[in-house]
Each structure stands twice: as C-alpha cells, then as structure tokens.
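One structure is given below, encoded as structure tokens.
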Amino acid sequence: MRIQIKKFLDTILSSVEGSPAFYVWISFLTTLVALGAYALLMSLIHSMEILEFYTNIPWEMMVSNYVFLVGSSIGLCLVSSLGYVFGLQRYEIIGKRALFLALITVILGLSSIGLHLGHPVRGAIYNALTPNMGSAMWYMGTLYPPYIAFIALWFWLLARAELAKTATESEGLKAKAYRLMAMEGLKPYLYQRLPLQKLGEKLNRLLPLERAGLGLDSDGVELRWARIIGTLAFIYALLAYTVEGSLFAHTEARPFWYGALYPVDFYLGASFCGFAWLLAAGIVTYKVKGDDIPAKLRDLFYEMAEILALLLSVGLLFTAYKMGHGLFESAKAETIMLLLKGPFSPAFWMIEIAIGIVFPVFILLYSARKRKMAGVLVASIMVLVGYFVKRYDFVVASQVYPLIKRQYPLHSYLPTFMEVLLISGIIAALLLAYTLGVKFLPLKEEMPIPRAITK
Amino acid sequence: MDKRANRIDRRCFLKLLAGVPTFVALRSVGIVYAETRRYGKLVDLGRCIGCKRCMSACKRWNGLIVERDELITDRETDLTANNWTVVNLLFDSRNRTRKTYIHWACQHCIKPACAGACPVTAITKLPGGPVVINEKKCIGCRYCFQACPFKVPRFDFEKRVTRKCHMCYDRIPLLNYMKPACVAACPVGALLFDYKDEIIREAKRRVQRRGGSSYIMGLTEAGGTDMVTILPTIPQDLGLVVAPEKVVNRNLDKIRITAAGFMGASFLTALMYIYATLTRDKQESAHEDPD
C-alpha cells in the first residue's frame, strides 16, 4: 500500500516539474488557502460572529469580494465572446485563458457569497422549492448555475482537442487523466454498452445535426458548438449581471444604491475588469515562463490596452455623471458626500479614481503607442486594484450612513482579522487554481481548434 | 324536493360571471379586505415611562437571551437578534429639555419590503397583520436588512438566521385572543392592541384631545404600517429619519430598474457588434465559415 502511494506521489511530482520559485509560490498560496479554511472552520465551530459582527452593516467585505469576482467573470466572458459570438477571429486565440479565468472567478465568487450566507444548502433547496419571483436575489441564484455550466462547456469544447493531443503524447496515469478530461473514446464505449447508435440515428433524422456540421464526427465540430454555447453563455452573462446590479438598485431603503444607474454601471465595471484580468494574467504568465509573446498576440494585447483605456474614460465620465446626479437627490447626497469629502474620500479619490481610472488611462495609451508590455501590465493590475476598492466602497459606504436615527454618529466598520484571512484565502485559491491551470491545461494562445475549412 | 332548485340557471350564471371577478378585484385592491380584519399595535409615547417591562416581557415570551445590562432604565440599547423591541431615550433637537422615550420594533408594514426582497419567501405578511420570518426557511442572506425602510431585522450569528419581532403571532390566535407580550406587560397603557381601524381611531382621538404638535407615525410611512406610534413632535425633530411615504415594495419600480439594465446590456451588445464589424479584416472574413 505504502509503495503504491509513494509511486502515485512520484508520478504526480514528476509531472509537476518546476523551478524552486514555483514551489515557493505554490506553498505560499496553499498556506493562505489553509488559513482561510481555518477561519471558515472556526466560524462553523464557534459562531459566525468572528467573520462579521457588525449588526448595522449586514453586507461586508465578502459581498464586495463576490461582486468583484463575479464582475470579473462576466467581463472575461464578454471579451471571449468577441471572438466566438461576434466573429472577430483575432480574439479567438485568447478564448481559452479568458474562459478558464471566467470559470474560476465565478466559482470562487459564488463560494464567497455562499460562505456569507447563514445556510447555503437551505438556500439552494428553497430557491428551487419556494421561489419569490419579485426578488432580484432569486433570479441571481437561478441564473448563475446555467451560466457556470455554459462557461465550463465552452472552455471544454475549446480545450478538448489539445487535451486529447496531450493524452496521446504522454503515457501512464497522465495519459489516462487527460483522456478522461478530453472524454476520448467515450463514444465507442457508450455505443458498446448502450443502444445509443439507434438513438443517434433517430436524432439525426429529427435534427439535421450532421448536415449542419454539428454531428460528433464532423470536421470542426468543436468550433461550431463553441459558437452556439458561447452565444448562450453570453446571453446568460448579460441576464445574470443585469439582475446582479438590480439586486442593489432595487433597495429603495438604501438611497445610494437605489436607481436605474447601477445595473448599467455594473456592465461598465465588468467590461473593463475583463480586459484588465486578461491582460494582467496573460502578460504575467508569459513573463514568468520566460516565453516570447507571439507577434499576433502582442498586437492583440496592445489593441486590448487601447480599448481598456477607452472603456476607462467612459467609466470616469459615468462616475462623474453618477455622482453629480446623486448630489441633486437629497437622500443620496449625504452618502455621496461620505465618498467625496468624508471618511471614504482617500479611498475614493486616491484609489478608485486616481489608481483605478486616471493613471491607467495615460499609462495604457502611452505604452500601447510605445509598445511597452510592462506598462500595460502595471496599468491593468492598477485597474483591478481600483475596481476591487470601488466595489468595497460601493457596498460598505452605503450602509455606513445611519438611516433611522440621525443622532447616532456614522456606523464604523473595519474587516475583522478572520474575515481578511478568509478573503485572502479565496483570492489565493483563485491564484492557485490559475497557476495549476496554466501548468496542466492548454491555456496557451495557439490556434488548436480545427478550423472550419480544412478542404 | 325539486331538482331544479339546485340548478344554476342562466341568470344566476351571468350574475356569478360578473360578481366573482368584481369581488376578487375589490379584494386585491384592498377596499373590501381592509383595516377591519387586521390587528394593529398602538404605541403612545406620551404615556411611556421607559420602564422597559415590554422588553423583558418580549424576552420572556420568545425565549430570548438577556445580554448584560440592557434592561436598566435609560440605558441605550440597539435592536439585536435577542432584542426584538427596545426602549430608548430621545431628545428633541429643537428643545433639549424635552425628551421622550421611544418604543422601537418591527413596524409590520402593510406591504412589507422585506417580504418582497426575500428570495425564498421566508417572510410573509399574515392576514392578521404580523410580518413573520420563518426561521426554518431563512437562508441568512440578509437582503431583508437592506430592503427594510426601518432597518429592523437583525442577524442571529448562532442560529445563522434573521430574527425580528413577529407581533407574538403565536400568542394571538392560540390563547384566546391574548395581546402580544409587550402590550400585556405595559403598566401605563402606552401600548394598545386591537383591530387596525380601532387603533387608528383611538390614535386620532388621543392626538385630538392632547392637541399640540403630536404626530401619528405609521399612517403613511412606507405605505402604512400596522404599528402606529404617537410621537410628541414630528420625527425629524427627534432625530428619526422617516421612511418615504410612497410604498417601498413596488414591483413596477423593480421592473423599471431591471429594464434599464437590459437596455444597458443591449447597448453593450450593439457596441460590441459595431466594433466587430468595423475592425474585422478582410483576411479574417475570407477565413469565415463557408457554410
């Protein structure tokens, strides 16, 4: 038994070859994840109070983290749909990286909100059994699972060919695992065991899948299906994120959130977050690995940097409009003044506006013109940090203002130590998943999908 | 007996055809089903002496934990998961010598925004008036906290559910129309429990008799509430921010806001499409699917 385990571990370790820095990085992230798990365990054993104990501020950093991560996922989905839904072929090569990032961000974002819930399991059950059609949160819980499924399927369709290729090139356990991931040999296996052949023929007669090039054996079938699934995922992403913005915008009792501006603002935020994630992750991966960025991808990165700069300036305009519009409403104005002049003003002016929007616009335009990759990288990381703080301000600032009794001072809020541990655990899990994904999955920007025309 | 007596003739059928929808419509409008059948709680702050017996009675009946020294008179207390009703001292901002005690708890809105926000319908407005959280169903998402115009619900970190005053709904029908625990415990008659229309009539009578600047809170706030409070002066002077007078839980408003999101989404899609058509190379379109 022990020998078997040792052999198993050896095969795993031999497949995870890397530099010492890689191991240090992995162990650092694993430690953070373990600390986050410890915080979670303590909250389960003792009380949830160790995570968030402010009675007047019910939604805290876990919610803002969730909004940030899910927004990133939606943005990444939008970017990859440029290639597969809108037919821009130069965007197709970044599809796999974008979709893998979208998948892990949405899963970790939803786990962030799941840990915030008092009873996540109950939530899943009663969401299905006793729905409240008037509640935005119900739509949120209903729209995200199909979105995740579509994103996962889309990624798998794009990565399948390369997974199968890796399976044929390697041997032993690795080959088996990759064959399983690519679902290679599934069709003959199923045909042997189950009477599926007749069913397939019948299905073909009903739906002309083969003729449309969507049958299992057709040439370039993955690409065609990826377009269909991608369109569905795109639609679900838009629906889910509209509802996400509406969830905040429906609450008339929170004047800062209330109104029709936030669902639109969420889209803007998501779109520049998607570009920023992709630029940051892509460039960092190539730099760390020491690979040269292919010329085609280099051009695309600079183009994306320019679009990101454009989106950021639209975002700045929208922020100005939003704040100015809010100042004319007496209920909103007092909360907005917290951001403009009150305790949130350093975070707002320094991080949200300067680091999150204004500096990156100039850096991105400059480095895209001078073709400097480092500038693009720095600017996109700045955008991500700014967006994280923006969502934190958005969630917390609105609740800090006391609504019922003006005689009280502002409610105070500082994330608890355990909460910070849990959030950093979730972010570390995201980075860990991405690192492992780069290691084992075909995320590299090549053109692996059989093109539709091979004739 | 004549069998014909039981049959519905044409005239009767037409009557039913016209009558039933009218009845249903009237019921939904809320004219027929109105204040006469719901219960309400009257809080008369002119009579409250701040003894906090309502707080301790509430804790005793609902089995809530007593936390430290919150039952001491004049001690400032906040609503918590174990404090469903609080009595606090408020000062008149225009005249600091005038002070009043305030009995604060769930206001039991006629159209509760919390019930509209709850994703799993764990919060219901009972026909008798109480707004009740089903603790076995609550998922602890705390969306009702955000929706509530009075910021009443509180999270119980031990049970991981949201809890608040339920107007002792388990007491009203069971024990032969007994009053809620707080009302039964009040020694000076500052709290009153009766049918809603009686409550409003009594509140108006008291205000009229007392004269001055008394204000009845709960007639229009958040679309009307089943807990009616007589304040000695207007709420703004006491530092209370009153909820907007329009009904908070409006589905039309929600649809309007969501539609704005959909419009934003379609705008974004259109922009992406325009970007795609403008920047697509000729080389790329040549590589497009021939079929």
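The values are calculated or read from the model by the stated rules, or taken from the named source; none is laboratory data. Here the structure is a predicted model, which is why all the values come from computation and not from measurement. Neighbour counts are summed over all protein chains in view; Cβ atoms, including those assigned to glycine, are modelled from backbone coordinates with ideal geometry.
Below, the figures for the structure above:
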| item | result |
| --- | --- |
| Residues of the stretch A:418-432 that turn out to be surrounded by fewer than 18 Cβ atoms within 10 Å (Cβ to Cβ) and among the small types (G, A, S), as a count | 1 |
| Selection from the stretch A:421-435 of residues that are farther than 12 Å from A:L101 by Cα and of a type in the set (S, T, Y) | A:S424 |
| Qualifying residue in the stretch A:197-213 (condition: within 13 Å of chain B (Cβ to nearest Cβ) and within 26 Å of A:S80 (Cβ to Cβ)) | yes |
| Of residues in the stretch A:136-162 being under 15 Å from the mean Cα position of the chain (by Cα) and β-branched (V, I, T), the one surrounded by the most Cβ atoms within 10 Å (Cβ to Cβ) | A:I151 |
| Residues (within 7 Å of chain B (Cβ to nearest Cβ) and either more than 18 Å from A:Y387 (Cβ to Cβ) or touching a residue at least 60 places away in the same chain (Cβ under 8 Å) (or both)) located in the stretch A:244-258 | A:S246, A:A249, A:H250, A:T251, A:E252, A:A253, A:R254 |
| Every pair of residues 6+ apart whose Cβ atoms lie under 6 Å, when the first sits in the stretch B:95-113 and is among the basic types (K, R) while the second is surrounded by fewer than 24 Cβ atoms within 10 Å (Cβ to Cβ) and not in a loop (DSSP other than H, G, I, E, B) | B:K99/B:L89; B:K99/B:F91; B:K111/B:G223 |
| Residue within the stretch A:379-398 that is within 21 Å of A:N56 (Cα to Cα), away from chain B (no Cβ under 14 Å) and over 29 Å from the mean Cα position of the chain (by Cα) present | no |
| B:I133 surrounded by fewer than 21 Cβ atoms within 10 Å (Cβ to Cβ), at pLDDT 90 or above, under 24 Å from B:R250 (Cβ atoms) and among the hydrophobic types (A, V, I, L, M, F, W, C) | no |
| A:L199 vs. criteria part of a helix (DSSP H, G or I), at pLDDT 75 or above and out of contact with any helix residue (DSSP H, G or I) (no Cβ under 6 Å at 6 or more places or on another chain) | yes |
| Extreme residue, surrounded by the fewest Cβ atoms within 10 Å (Cβ to Cβ), among residues of the stretch A:55-87 that are over 21 Å from A:E222 (Cβ atoms) and of a type in the set (G, A, S) | A:S64 |
| Extreme residue, farthest from A:L223 (Cα to Cα), among residues of the stretch A:166-178 that are in contact (Cβ under 8 Å) with a residue 24 or more places away in the chain and part of a helix (DSSP H, G or I) | A:L173 |
| Residue list for the stretch B:86-124, restricted to those being surrounded by fewer than 24 Cβ atoms within 10 Å (Cβ to Cβ) and away from chain A (no Cβ under 12 Å) | B:R94, B:N95, B:T97, B:R98, B:T100, B:Y101, B:H103, B:I110 |
| Index of the failed condition, A:D265 passing every other in (1) within 17 Å of the chain's Cα centre (by Cα); (2) more than 8 Å from chain B (Cβ to nearest Cβ); (3) over 11 Å from A:L143 (Cβ atoms) | (1) |
| Filter pass, A:R122 being under 22 Å from A:Y286 (Cβ atoms), part of a helix (DSSP H, G or I) and either in contact with a Lys or Arg (Cβ under 8 Å, 6 or more places away or on another chain) or assigned by TED's automatic domain parsing to the domain that holds A:R298 (or both) | no |
| Single match in A:M181, A:M140 (criterion: part of a helix (DSSP H, G or I), within 30 Å of A:G109 (Cβ to Cβ), touching a residue at least 12 places away in the same chain (Cβ under 8 Å) and more than 14 Å from chain B (Cβ to nearest Cβ)) | A:M181 |
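Table: residues versus (1) without any contact (Cβ under 8 Å) to a residue 60 or more places away in the chain; (2) under 18 Å from B:W61 (Cβ atoms).
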{"site": "B:M167", "(1), (2)": "no, yes"}
{"site": "B:K179", "(1), (2)": "yes, yes"}
{"site": "B:D197", "(1), (2)": "no, no"}
{"site": "B:E202", "(1), (2)": "no, no"}
{"site": "B:R210", "(1), (2)": "no, no"}
{"site": "B:M227", "(1), (2)": "no, yes"}
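Conditions tested, residue by residue: (1) within 14 Å of another protein chain (Cβ to nearest Cβ); (2) surrounded by 13 or more Cβ atoms within 10 Å (Cβ to Cβ); (3) at pLDDT 85 or above; (4) closer than 30 Å to A:L300 by Cβ.
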{"site": "B:L191", "(1), (2), (3), (4)": "no, yes, yes, no"}
{"site": "B:D194", "(1), (2), (3), (4)": "no, yes, yes, no"}
{"site": "B:G212", "(1), (2), (3), (4)": "no, no, no, no"}
{"site": "B:L219", "(1), (2), (3), (4)": "no, yes, yes, no"}
{"site": "B:T225", "(1), (2), (3), (4)": "yes, yes, yes, no"}
{"site": "B:K246", "(1), (2), (3), (4)": "yes, no, no, no"}
{"site": "B:Q283", "(1), (2), (3), (4)": "yes, no, no, yes"}
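Residues are listed down the side, and each one gets a yes or a no for (1) assigned to a helix (DSSP H, G or I); (2) under 30 Å from B:P149 (Cβ atoms); (3) modelled with pLDDT of 85 or more:
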site	(1), (2), (3)
A:A354	yes, no, yes
A:Y366	yes, no, yes
A:L377	yes, no, yes
A:V385	yes, no, yes
A:K390	yes, yes, yes
A:D393	yes, yes, yes
A:Y413	no, yes, no
A:M418	yes, no, yes
A:S424	yes, no, yes
